[in-house]
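Chemist: My questions will all concern the structure given below.
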Amino acid sequence: MRKSRLSKCKQARLTQYFVAGTTARTAAALCGLNRKTAAYYFYRLGEIVALELEAKGETLVDGEIEVDESYFGGNRKGRRG
């Protein structure tokens, strides 16, 4: 990334953690950064990867996609009528 206030060393470490599949929260703890900073950096890296793949004409998903009716999340609190 061009405009970043992070040092080159921290950028390199965050990139290594991104490639390894580490969560942003864990990477932030290992690098000594705020979790929001690491999450934003991971988000930007993902955007860059997607743009590069799009420029090459490659797609992340190809063919038919089936979606079921799964619900992800916790239970709603309080009474429901």
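What follows draws every value from the coordinates through simple rules; no lab data is involved. Note that the structure is a prediction, hence the values are computed from the model and not measured. Heads up, the Cβs are rebuilt from the backbone with ideal geometry, glycines too, and the neighbour counts pull from every protein chain shown.
Chemist: Working from Cα positions, state the angle (0 to 90°, nearest 10) between the long axis of helix 8-20 and the longest principal axis of the chain.
Modeler: 40
Chemist: What order do you get for 23-33, 47-57 when each peptide is scored by the mean count of other beta carbon atoms within 10 Å, highest first?
Modeler: 23-33, 47-57
Chemist: Can you tell me, using C-alpha contacts under 8 Å and at least 6 residues apart, the relative contact order of the chain as a whole percent?
Modeler: 18
Chemist: What shape does the chain have by the C-alpha gyration tensor, where a ≥ b ≥ c are the square roots of the eigenvalues, rounded means a/c under 1.5, and otherwise prolate means a/b greater than b/c and oblate the rest?
Modeler: oblate
Chemist: Report, ordered by chain and residue number, the lysines lying within cross-link reach of LYS10, taken as a straight Cα distance under 16 Å and ignoring same-chain residues fewer than 8 apart.
Modeler: Within the straight-line cut-off, LYS10 pairs with LYS36.
Chemist: Here is a follow-up. So what J values fall out for segment 44-56 if you push phi through Karplus, 6.51 cos²θ - 1.76 cosθ + 1.60 with θ = phi - 60°, rounded to Hz, Gly and Pro as x?
Modeler: After applying 6.51 cos²θ - 1.76 cosθ + 1.60, I find 5, 4, x, 5, 5, 4, 5, 5, 5, 5, 5, 5, 7 Hz.
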